[in-house]
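Down below is the structure, laid out as structure tokens.
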Amino acid sequence: MGTTVTHAPAAEGLSKDKRSESRHGPVNSSRPAALKRRGRRENLAGYLFMSPWIAGFLLLTAGPMVASLYYAFTDYNLYDAPKWIGLDNFSEMFADPRWRHSVQVTLWYVVIGTPLKLLAALGVALLLAQKRRGQAFYRAAFYAPSLIGASVSIAIVWKAIFSDDAIVDRTQQLFGVDVGGWSGDPDMIIYSLVALTVWQFGAPMVIFLAGLKQVPRELYEAAEVDGAGKWRRFWNITLPMISPVLFFNVLLETIHSFQIFSSAYIVGGGAGGNACGPADGSMVYTCYLYVQGFENSRMGLASAMAWLLLIAVALVTAVLFWSQKRWVHYEEGA
């Protein structure tokens with residue numbers, strides 16, 4: 001009897017819980033379902049906010065890329081239906097002497113312009129890293145060309161500067177050099193484009209400047225105590241410490257150099273003239289791609305050229321990433 005009396009309240013409580021569960025279900029079973037519904041609503045709201053970008057990516061980027069990949073294997077002129085021709089576009093491309101010339105001009109521009117631009121950016125960054133009066137003004141002044149240098153108006157002004165009897169031509173004549181304007185010389189016009197890209201060193205300069213600020217001053221002080229000169233400190237301390245920043249700039253500027261178009265098109269002549277410069281002197285790869293696609297209405301061949309450029313840039317990027325383990329020094333644990 002004692003045992004029955006002792007457990008009666010517990011039995012009564014259990015029976016109440018069972019009656020409550022029978023009426024309202026499990027005590028906490030509704031909480032996970034509510035959390036799932038809330039999560040679905042939040043995901044739906046996120047997808048709605050992302051929908052403009054997703055639609056733009058599919059319609060303006062992914063869709064045209066897939067279409068151009070198909071057109072690369074067709075004969076397509078923008079007016080008639082594309083006709084499948086397989087690898088004929090690529091065969092014609094490799095046999096075209098103007099295409100090979102555009103590859104040579106582009107490689108020359110990349111090999112000459114990219115190192116000079118990075119050297120100018122690093123040199124000015126080293127000067128601006130030192131504390132001096134008016135430092136903020138000089139940073140803004142050196143950075144400004146990178147904001148406006150890619151515009152069409154600057155390309156037009158640049159073409160005028162390097163024309164016959166313009167400021168560059170007259171300056172050359174003062175030193176006894178009479179070669180005429182660069183923009184009209186097939187051999188010199190590419191160097192006017194190199195000068196334009198070097199003038200736009202502001203963006204890599206800012207990145208170099210940020211990397212130089214991260215180098216510990218104690219390293220320079222210890223090296224100076226050991227008798228290391230400026231050049232040795234730069235070679236053994238500065239360059240290794242900013243090598244990740246240097247790799248980043250080399251990668252970006254190399255890709256940008258392969259993509260040059262607007263300045264080469266405007267300085268070379270643009271609409272109404274020879275779009276690739278006198279005697280194809282400024283015929284970079286993208287300029288010849290434009291000529292084939294929009295002037296000759298050979299969009300299939302232009303698509304093949306575009307995809308070949310993408311593959312070439314991807315290979316160059318892969319080589320740069322492979323080589324970084326030999327000369328890029330990251331901090332331990334990075």
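The values are calculated or read from the model by the stated rules, or taken from the named source; none is laboratory data. Here the structure is a predicted model, which is why all the values come from computation and not from measurement. Every residue, glycine as well, gets a Cβ built from its backbone with ideal geometry; the counts of neighbours run over all protein chains shown. For accessibility, only protein heavy atoms count, side chains too; no ligands or nucleic acids. Shrake-Rupley method; radii C 1.70, N 1.55, O 1.52, S 1.80 Å.
What ranking, highest mean first, results for peptides 280-286, 114-120 when packing means the other Cβ atoms within 10 Å averaged over each residue?
280-286, 114-120
Please list, in order, the residues from the range 196-215 whose amide nitrogen is less than 20 Å from a point placed 7 Å along the Cα→Cβ vector of I167.
196-202
Given the options A33, V110, L147, identify the residue whose Cα lies farthest towards the positive end of the charge dipole of the chain (+1 on Cβ of Lys, Arg; -1 on Cβ of Asp, Glu).
Selected residue: A33.
Given (1) 17; (2) 37; (3) 41, which label gives percent of Cα pairs over 39 Å apart as computed from the coordinates?
The value matching this structure is (3).
Can you give me the span-like helices of the chain, meaning DSSP H runs with 18 Å or more of Cα extent along the axis and Kyte-Doolittle mean at or above 0.0?
Helices meeting the span and hydropathy rule in the chain are 97-128, 135-148, 243-258, 299-327.
Report the rotationally averaged projected area of the range 121-231 based on its alpha-carbon convex hull, in square nanometres.
Average projection, Cα convex hull of the range 121-231: 9.9 nm².
Could you calculate the FRET efficiency of L60 with S91 from 1/(1 + (r/R0)^6), where r is the beta carbon distance between them and R0 is 22 Å, rounded to 0.05?
That gives a FRET efficiency of 0.10.
Which residue fluctuates most in the GNM of the chain (Cα springs below 10 Å): R31, R217, R233?
Answer for the Gaussian network model of the chain: R31.
So what is Rg over Rh here for the range 167-302, counting just Cα atoms and using Kirkwood for Rh?
Checking Rg against Rh, the ratio lands at 1.17.
With Kirkwood's inverse mean 1/r over C-alpha pairs for Rh, give me the Rg to Rh ratio of the range 200-274, two decimals please. Write out the running numbers ahead of the final one.
On the way: Rg = 18.9 Å, Rh = 15.1 Å.
Over the Cα atoms of the range 200-274, Rg/Rh equals 1.25.
With +1 on each Lys and Arg Cβ and -1 on each Asp and Glu Cβ, how big is the dipole of the chain about its Cα centre, in debye rounded to the nearest 20? Before the final figure, lay out each step's value.
Details: 28 positive and 24 negative charges, 414 e Å.
The calculated dipole for the chain is roughly 1980 debye.
In the chain, with Lys and Arg counted as +1 and Asp and Glu as -1 at Cβ, which of these residues, S257, S91, M205, has the Cα nearest the positive end of the dipole, that is, farthest along it?
M205
For n ≥ 4 DSSP H runs only, could you compute -39500 (n - 2.57) per run for the chain, divide by its residues and tell me the 222 nm figure to the nearest 500?
-22000 deg cm²/dmol
When the gyration tensor of the range 251-331 is built from Cα positions, what are the square roots of 5 times its three eigenvalues, in whole Å, from largest to smallest?
Equivalent-ellipsoid dimensions as semi-axes: 31, 15, 8 Å.
By per-residue mean of other Cβ atoms within 10 Å, what is the highest-first order of 45-56, 319-330?
Going from most to least packed, we get 319-330, 45-56.
Can you compute the radius of gyration and Dmax for the range 74-188, using only the Cα atoms, both in Å?
Taking only Cα atoms of the range 74-188, I get Rg and Dmax of 21.7, 66 Å.
Under unit Cβ charges (Lys, Arg +1; Asp, Glu -1), what dipole magnitude, rounded to 20 debye, does the range 119-223 have relative to its Cα centre?
Dipole of the range 119-223, to the nearest 20 debye: 780 debye.
Keeping every protein chain present and rolling a 1.4 Å probe, give me the accessible area per residue for the chain in Å².
Here the per-residue accessible area is 62 Å².
Of K131/K325; K117/K159; K117/K213, which pairs sit farther than 29 Å apart, going by alpha carbon to alpha carbon?
Exceeds cut-off: K131/K325.
Average projected area of the Cα convex hull of the range 142-185, in nm²?
Dividing the Cα hull surface by four gives the mean projection, 3.6 nm².
Taking H as built 1.01 Å from N, whose amide H comes closer than 5 Å to the amide H of D75, not counting residues under 5 places away?
It is K83, W84, I85, by chain and number.
Among S68, F162, N296, which residue has its Cα positioned farthest towards the positive end of the charge dipole of the chain, with +1 placed on the Cβ of Lys and Arg, -1 on the Cβ of Asp and Glu, and the dipole taken about the Cα centre?
S68
Treating only the Cβ of Lys, Arg, Asp and Glu as charged (+1, +1, -1, -1), what charge dipole size does the range 44-117 show about its Cα centre? Round to the nearest 20 debye. Intermediate results must be reported in sequence, preceding the final value.
Numbers: 4 positive and 5 negative charges, 67 e Å.
For the range 44-117, the charge dipole is close to 320 debye.
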